[in-house]
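Visitor: Here it is, the structure in full.
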Amino acid sequence: MNTQHWHAHGRVLLATLLVAGSFIISARLAAVAPAASLTLLRFVLAAALLLPWVLRRADRRRQLWRAMPRGLTISLFYALFFILMFEALHSTTALNTGTLFTLVPALTGIAGIWLLRTRVSARQGLSYLLGMLGALWVIFEGSPDRALALQLNAGDRLFLLAVFCMCAYSLCMKLLYRNDSVAVLTCATLLGGAIWMGLMVWLTETPLQWQALAPADWLAMVYLVVCATLASGYLFQGGSIHLGPQRVMAYTYLNPAAVALLLWLFGGEPVAAWLWPGILLSCMATWWLQQHASSRPMPAAQRAEH
């Protein structure tokens, strides 16, 4: 493996840790303000940071104008994901949401067979199965009885809806991609999300309550915007150039281990013994996809100005 590939794996691993941290940070913020208000603030701040860079050049401005209708469609599912996540965290844990998030690659892959005519090899299917088994082990706490009875708590059920929204977001990104600059399409999606959330807050008369955010809460929001939204997106895109999208997607299965590790390092919460089999299954899924996934890089047009 050459140096570029090692660097690419390092970037994607760092992005995975940043995303895992977002579940913990979001759990902290969920009790501070309404979900719609927090989601609106996240989109507004992220768009405000990226928009000046996009508007600097005339060609990017033209691309942004053309991409906005598609950005509105894509961002609808993206916004719903964040709303449901914040709501779910009132009655479930960061570890559970981070674990359920590992279902996204498998569900997206299954939906892609019909919608995008993509092919899933037997080896990829096995990796998806291992990842799903690892997720189910953590969610049901290693209890076959709970699994057979489908005993999900209210927050888990709500976040499962968020997972389906993230699958729809991923599929829309593929279906509506028109050789756009990644940064421009990301900006259009963030602006679209701000529009949708602004409408929702206005129509439902949801109080913003941004004044209720303490300085530590604002720092948490900055983490979500800068680290979990912009930086992780940049790192994942950079990793895709050298590793290919399937290998990057494989890192999703490390979410349970990453969340558990961060909770232990920064929250002092020990990793329960019953978690380890599920975490190991998720890590095996990541390893298996790394070994057998396509390493084709992102096409040149797609990585332009990434």
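Visitor: So ALA33 passes all but one of these: (1) touching a residue at least 60 places away in the same chain (Cβ under 8 Å); (2) in a helix (DSSP H, G or I). Which condition number does it fail?
Guide: Single failed check for ALA33: (2).
Visitor: Pick from ALA111, ALA168: which is in contact with a Cys (Cβ under 7 Å, 6 or more places away or on another chain), open to solvent by 20 Å² or more (accessible area, probe 1.4 Å) and part of a helix (DSSP H, G or I)?
Guide: Exactly one residue qualifies, and that residue is ALA111.
Visitor: Test LEU161 against the criterion of being under 21 Å from GLU87 (Cα atoms), open to solvent by 80 Å² or more (accessible area, probe 1.4 Å), aliphatic (A, V, I, L, M) and assigned to a helix (DSSP H, G or I), and give yes or no.
Guide: Considered against the rule, which asks whether it is under 21 Å from GLU87 (Cα atoms), open to solvent by 80 Å² or more (accessible area, probe 1.4 Å), aliphatic (A, V, I, L, M) and assigned to a helix (DSSP H, G or I), LEU161 comes out as yes.
Visitor: If I ask for residues that are in contact with a Cys (Cβ under 8 Å, 6 or more places away or on another chain) and open to solvent by less than 20 Å² (accessible area, probe 1.4 Å), which ones from region 226-263 would you list?
Guide: Answer for region 226-263, where residues must be in contact with a Cys (Cβ under 8 Å, 6 or more places away or on another chain) and open to solvent by less than 20 Å² (accessible area, probe 1.4 Å): just TYR253.
Visitor: Being exposed (fewer than 15 other Cβ atoms within 10 Å of the Cβ) and either over 15 Å from the mean Cα position of the chain (by Cα) or closer than 25 Å to ALA250 by Cβ (or both) is true for just one of ALA47, ALA94, ALA106, ALA58. Which residue is that?
Guide: On the way: ALA47 fails: exposed (fewer than 15 other Cβ atoms within 10 Å of the Cβ); ALA94 fails: exposed (fewer than 15 other Cβ atoms within 10 Å of the Cβ); ALA106 fails: exposed (fewer than 15 other Cβ atoms within 10 Å of the Cβ).
Unique residue meeting the criteria: ALA58.
Visitor: List the number of the failed condition for ASN179; all other conditions in (1) out of contact with any Pro (no Cβ under 9 Å at 6 or more places or on another chain); (2) open to solvent by 20 Å² or more (accessible area, probe 1.4 Å); (3) touching a residue at least 24 places away in the same chain (Cβ under 8 Å) hold.
Guide: Every listed condition holds for ASN179 apart from (1).
Visitor: Going residue by residue through region 243-261, is there one that turns out to be charged (D, E, K, R) and not in a helix (DSSP H, G or I)?
Guide: no
Visitor: Any residue in region 143-156 that's of a type in the set (S, T, N, Q): show its pairings with residues that are in a helix (DSSP H, G or I) and modelled with pLDDT of 75 or more at Cβ separation under 9 Å, as long as the two are six or more apart or on different chains.
Guide: SER143/TRP274; GLN151/ASP145; ASN153/ASN96
Visitor: Another question, if that's okay. Applying the selection to region 114-144, what residues are in a loop (DSSP other than H, G, I, E, B), among the basic types (Lys, Arg) and at negative phi?
Guide: ARG119
The values are calculated or read from the model by the stated rules, or taken from the named source; none is laboratory data. A quick note: this is a predicted structure, and the numbers were derived from the prediction, not measured. Methodologically, a virtual Cβ is constructed for each residue, glycine included, from the backbone with ideal geometry; neighbour enumeration extends over all protein chains shown. Protein only, heavy atoms only, side chains kept; ligands, DNA and RNA dropped before computing areas. Shrake-Rupley method; radii C 1.70, N 1.55, O 1.52, S 1.80 Å.
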